[in-house]
Amino acid sequence: MHSKAPQDERFWLLVSLKLSGEATPEETHELASLLRDHPEWGLRMEQMANLWRQKPAESGKEATFNRHLQRLSTHLSNPVLQYEQAPEQATAGPSAPLPSDHKRHPALVAPSDFRVPGFRRLIPAAAAAALIGAILLIILQTHHKTTPAEGFNTVTTRAASRSKLQLPDGTLVWLNADSKLTYKVFDQNPTREVQLVGEAYFDVAKDKNRPFILHTQTIDIRVLGTAFNVQCYGNERNTETSLFQGSVEVTLKDLPDKKIILHPSEKLTVHNNEMAVSDIKTKEADPDDEPVMTLGKVHYQQKDNTYIESLWTKNQLAFDDRSLEEVAKQIERWYGVHITITSEKLKTTRFSGVFEDETLAQVMEALKLIGDFHYTIHKNEVTITP
């Protein structure tokens, strides 16, 4: 062990040796030990591994390698997933698709499981040195803000990005764009409690002795082990809970005596600005008499019975019978833009659709054909007019 060098420098040296195929068994063991001691480094290693798999071509090696370093610098200097206080036991990785059967799977591969298919040659020593230098510069640019030691960890995602992390108890969380998750280390606590602003899909690790409790601005959700999606953005009028497996108990903060048990394929919509109303009604109720909560069903994509509410975890922008105002908010977060709708009538027009890998212009063009409106795109500003 090179005790005189800072641990992070030693870590990145070991990462470069591992990915280039030059690490000895002792160095591989040392890298695994460092990851156990600093699991928050797993995100950066996973990002590095993903980029490394885009191996340089055999010709023009030096130019290709330099372009690789430029991509690495651009990608990691503004991390998708940011820790305001680096968690001691959580691991996180880039946006990952949710398995169609919603079964649990590892959040990150172990260091010994990294593979670089077809990459046989060794990187020249000068190139490896340049790589290490670039990594150390990137580390200094990465946003890791430390807060007072209150036992809380906060993870945030930026607009136009989605990420996945694993909580200390093994619970997997997919964070949608512009979201914030706060949690405590669970070891000595009788409950596992987290707070969410934004949208997240939870695959909760089962622990019958320690309930998992999710707090939002308007509701609390209590589970033992299940899979569900929650959308609770502060600038939207509704909080939605969609249940896919198991059961959850939902309590309204302003109406603590009201507890609703959700079963698989059920969806609860809470109207954030109408908490004084106490009735619970289904979607078949009088639409002019809007209740504080609406109990309905999750939406399916008929071709494969996939839940519409979870498609964002597979990098698909999806909405089913949503107003243009609601759709615009989704598009804003998805593409990192701002949308202005100049017509109040247009805001209430309903849309359904699923988009994968389409550009902003392609999505807007498709909506235009359905909604009969006009739009302009100027940099990050989108304007919709009749």
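Yes/no matrix, rows are residues, columns are (1) surrounded by 17 or more Cβ atoms within 10 Å (Cβ to Cβ); (2) out of contact with any Ser or Thr (no Cβ under 8 Å at 6 or more places or on another chain); (3) without any contact (Cβ under 8 Å) to a residue 12 or more places away in the chain; (4) under 14 Å from residue 382 (Cβ atoms):
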position	(1), (2), (3), (4)
331	yes, yes, no, yes
334	yes, yes, no, yes
339	yes, no, no, yes
349	yes, no, no, no
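Say we look at region 290-329 and pick out the residues that are among the acidic types (Asp, Glu) and either farther than 15 Å from residue 351 by Cβ or free of Cβ contacts under 8 Å to residues at least 60 places away in the same chain (or both); which of these is surrounded by the fewest Cβ atoms within 10 Å (Cβ to Cβ)?
For region 290-329, the residue satisfying everything is 304.
Counting just the residues of region 193-228 that are charged (D, E, K, R) and closer than 15 Å to residue 154 by Cα, which one comes out surrounded by the fewest Cβ atoms within 10 Å (Cβ to Cβ)?
Across region 193-228, the extreme among qualifying residues is 193.
Just one of the numbered conditions (1) in a loop (DSSP other than H, G, I, E, B); (2) buried (at least 19 other Cβ atoms within 10 Å of the Cβ) is not true of residue 165; which one?
(1)
Being in contact with a Pro (Cβ under 9 Å, 6 or more places away or on another chain) and over 19 Å from residue 329 (Cβ atoms) is the filter here, so list the residues in region 363-386 that pass it.
372, 374
Let me spell it out: the conditions are (1) assigned to a helix (DSSP H, G or I); (2) buried (at least 18 other Cβ atoms within 10 Å of the Cβ), and residue 382 meets all of them except one. Which number is the exception?
Condition (1) is where residue 382 drops out.
Would you mind telling me which numbered condition in (1) under 30 Å from residue 262 (Cβ atoms); (2) assigned to a strand (DSSP E or B) residue 328 fails?
(2)
For (1) within 24 Å of residue 164 (Cβ to Cβ); (2) hydrophobic (A, V, I, L, M, F, W, C); (3) assigned to a loop (DSSP other than H, G, I, E, B), each residue gets a yes or a no:
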{"site": "222", "(1), (2), (3)": "yes, no, no"}
{"site": "225", "(1), (2), (3)": "yes, no, yes"}
{"site": "231", "(1), (2), (3)": "yes, no, no"}
{"site": "236", "(1), (2), (3)": "yes, no, yes"}
{"site": "239", "(1), (2), (3)": "yes, no, no"}
{"site": "243", "(1), (2), (3)": "yes, yes, no"}
{"site": "249", "(1), (2), (3)": "no, no, no"}
{"site": "255", "(1), (2), (3)": "no, yes, yes"}
{"site": "269", "(1), (2), (3)": "no, no, no"}
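Throughout, read-outs are computed from the coordinates displayed, never taken from laboratory work. Worth saying up front: this structure is predicted, and the values here are computed from it rather than measured. Positions of Cβ are backbone-derived with ideal geometry, glycine not excepted, and every protein chain shown enters the neighbour counts.
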